[in-house]
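Student: This is the structure I have questions about; it appears just below.
Bear in mind that the values in this text are calculations on the coordinates, not laboratory data. As the structure is a computational prediction, the values presented were derived from the model and not from experiment. Cβ placement follows ideal geometry from the backbone for every residue including glycine, while neighbour counts extend to all protein chains displayed.
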Amino acid sequence: MKIHKYKQCGLNIVIDVNSGAIHVVDDVVYDILDFYEEKSKDEIINSLKERYSIDEIKEGIEEIESLINEKMLFTEDMYKNIVLNDENPSFIKAICLNIAHDCNLRCKYCFASEGNYHGKSELMSFEVGKAAIDFVIKNSGIRHNIEVDLFGGEPLLNFETVKQIIEYAKSEGEKNNKNIRFTITTNATLLNDEIIDYIDKNMGNVVLSIDGRQNVNDKIRIRRDGSGTYSDIMPKIKRMVEKRHKDKQYYVRGTFTHENLDFYEDVIFLADEGFKEISIEPVVLLDEHPLSLKEGDIPQIFEQYDKLTDEIIKRSKEGRYFKFYHFAIDVNGGPCIYKRISGCGAGHEYVAVTPNGDIYPCHQFVGNDKFKMGNVFEGVINRNISKEFKNGHIYNKPKCLDCWARFYCSGGCQANNYNFTGDIHNPYELGCMMMKKRVECAIAIKAKLSEE
Amino acid sequence: MKHIKTINNGVLKNSVNKPGCKECANSCQSACKTSCTVANLECESK
């Protein structure tokens, strides 16, 4: 597939898949493109002359030809050999530290099995954290930037260790000329002024979990006694965001499930509460789970994304823009093609570390022994697993090669692919459907706002 | 052009000239943790 075209926000949008060029076209060109590669010029004119004048059709064809000559339409894939001939080593430069395999909440959709990842409850010690920092610095090779995620379970259950690890990482980063950036993901229940100040000062990003409206949040994000968390966390999240330095990133992040397919309302609710960086993401659960998303939910999910698109355009024009993470695609920039064809990085650039120091390709594989890559105290990793993930790029994923969105998602989440299809090379279809819709919406927003 | 307005002239093909430094974040690290959206990442080599 060389082009993808669709209608949204009253626009005819055409994406040239391989060059990344984006065009807004009128109806004549939109219809010509249906036939362009299959039919001759005369046949196209014959097919469309009832609808448009012959001159219009001819003009449209000329403009298409001009863009083809400028390599902005019907371009061929020119990147395959870059990735297939890539003999460069991968460097591990991002690490997810599971600071606590424990949680004070019992959220009903938790992929980490309520925090303990199907194992025993455990907190990471400073010794393990220190060894993990040494491991990532050593394995980061020529990379200057290192990312460290403080994750769980709930990492603030182990805040003293978080502080020790960060202080150690900062000093080792300096010694080794590495720029280490920290992100923490928290359920916000344990935030207080001291922790908020510490997070603001030390974390490049903070992800604050809340699902949106109180009734939605409190059905799912509950304590051990079954009570909802909204009234506890909302004021704390607001305080964190108020105190957050304006140049620093945060995300108020929630999950939508089969139970709130009207999740547009949750996004807007959070925006109206004053948050400017919002992410509400589809739950990922196997079909048998009552909260899982089903294929039959797709029309409603798409309708919600469409509504959100229109609302973001409207608010942007009114100077009330907020960032919705899944629509935050920079169509004029973003990562280079080398990044886009190398996959998500799990297993070869990014790994997760458990409280006892075991290494997995990412946080979502934690607990699956088949994917255990080593331990931070051994200092080495299973290179076969690493290689398998490095080779798990779009050119080894047959379905991705037929998909127009492959340079936007880079082949999807390896863990989702594995969990749903048993093979990292085989995409999780429902995820693909939603991903494509979101990319369409993101591009439509940019196209619409560029009209003025 | 009369029938076509180009919003972007090819951010992918133009980026072939970049160094491919891989200094950018990994996709799971901004917010998602459950989905892979590489296009959301920011380039570190502008």
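Student: Under a 5 Å amide H to amide H cut-off, with H placed in plane at 1.01 Å, what residues pair with A:Gln8 once short-range neighbours are removed?
Tutor: A:Ile13
Student: Please give the Cα centre distance for segment A:146-166 versus segment A:269-293, rounded to the nearest Å.
Tutor: Here the two parts' Cα centres lie 24 Å apart.
Student: Right, another one. For segment A:388-452, evaluate the Debye formula with one uniform point scatterer on each Cα (no solvent term) and list log10 I(q)/I(0) at q = 0.12, 0.28 Å⁻¹, rounded to two decimals.
Tutor: Values, matching the q order: -0.34, -1.19.
Student: Helix A:54-69 versus the longest principal axis of chain A: what is the Cα-based angle in degrees, 0 to 90, to the nearest 10?
Tutor: 40
Student: If you don't mind, another one. Taking the Cα centre of the protein assembly as shown as the origin, how large is its charge dipole in debye, to the nearest 20, when only Lys and Arg (+1) and Asp and Glu (-1) carry charge on their Cβ atoms? Could the numbers behind the result be given before it?
Tutor: Values: 66 positive and 75 negative charges, 240 e Å.
Computed charge dipole of the protein assembly as shown: roughly 1160 debye.
Student: Across every pair of different alpha-carbon atoms, what Kirkwood hydrodynamic radius in Å does segment A:124-270 reach? Working shown, then result.
Tutor: Values: mean 1/r = 0.0603 Å⁻¹.
When all Cα pairs of segment A:124-270 are included, the Kirkwood radius is 16.6 Å.
Student: Which listed residue (A:Gly411, A:Gly119, A:Asn158) has the Cα farthest towards the positive end of the charge dipole for the protein assembly as shown, taking +1 on Lys and Arg C-beta and -1 on Asp and Glu C-beta about the Cα centre?
Tutor: A:Asn158
Student: In percent, what relative contact order does segment A:115-198 have, based on Cα pairs under 8 Å that are 6 or more apart in sequence?
Tutor: On the way: 74 pairs, mean separation 30.3, N = 84.
For segment A:115-198, the relative contact order is 36 percent.
Student: Ok, one more. Taking trypsin sites (Lys or Arg not before Pro) that fall in a DSSP loop and have at most 10 other Cβ atoms within 10 Å as cut points, what is the longest piece of chain A between them? Write out the running numbers ahead of the final one.
Tutor: Numbers: sites that count: A:Lys120, A:Arg224, A:Lys246, A:Lys294.
Between the exposed loop sites, the longest stretch runs A:295-452.
Student: Further question: Using 0.36 nm per residue, how much length does the chain from A:Leu190 to A:Lys41 gain when fully extended, once their Cα-Cα distance is taken away? Write down the numbers at each step before the final one.
Tutor: Details: separation 149, 0.36 × 149 = 53.64 nm, distance 6.70 nm.
Contour length minus the Cα-Cα distance gives 46.9 nm.
Student: So which GluC sites (Glu not before Pro) in segment A:301-383 pass both tests, a DSSP loop state and at most 10 other Cβ atoms within 10 Å of the Cβ? The partial results should precede the final answer.
Tutor: On the way: sites: A:Glu303, A:Glu311, A:Glu318, A:Glu349, A:Glu378; in loops: A:Glu318, A:Glu349, A:Glu378.
Those satisfying the criteria are A:Glu318.
Student: Within 10 Å of each Cβ in peptide A:273-281, how many partner chain Cβ atoms are there on average? Round it to a whole number, please. Walk me through the intermediate numbers first.
Tutor: Values: counts 0, 0, 0, 0, 2, 1, 6, 1, 6.
Whole-number average of other-chain Cβ neighbours for A:273-281 is 2.
Student: Across peptide A:323-335, what mean number of C-beta atoms from other chains lies inside 10 Å of a residue's C-beta?
Tutor: Values: counts 0, 0, 6, 5, 2, 7, 5, 7, 4, 5, 9, 10, 17.
So the per-residue partner count for this stretch is 6.
Student: With bins 20 Å wide starting at 0, give me the P(r) of chain A over every alpha carbon pair, in whole percents.
Tutor: 22, 55, 20, 3
Student: Relative contact order for chain A using alpha-carbon pairs under 8 Å, separation at least 6, rounded to a whole percent?
Tutor: On the way: 773 pairs, mean separation 67.1, N = 452.
Relative contact order, chain A: 15 percent.
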